[in-house]
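Since every read-out is calculated from the coordinates, none of them should be taken as a lab result. Note that the structure is a prediction, hence the values are computed from the model and not measured. Cβ coordinates were reconstructed from backbone atoms using ideal geometry, including for glycine residues, and neighbour counts include every protein chain displayed.
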């Protein structure tokens, strides 16, 4: 069975399809632009170095240091290992820190 539409109804159907296609195209373009903008902001944020060292904890609190910390005491084995892997060195440690081997010579400050 073939459906015959009157001329005005056929025009309306064609116009409706055109509008729907246009809005889909606009949505795709908007999403692509947002993706490009997000990527460029991420690259900018990653490439810029802060003028002063800043640390942000898991609660979102930020602490700025006027200069690079030089005398660090670690209070957890994970913190000790992370500090040494990042190229730092401690002047004290907790009693549970045993790695790397050079921390065994440091004075202990108890445990966390």
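A few points about this structure:
- By the count of other C-beta atoms within 10 Å, a proxy for reagent exposure, 64, 81 are ordered fewest to most as 64, 81.
- Here the residues 98, 61, ranked from fewest to most Cβ neighbours within 10 Å of their Cβ, fall in the order 61, 98.
- By the count of neighbouring beta-carbon atoms within 10 Å, fewest first, 59, 106 end up ordered 59, 106.
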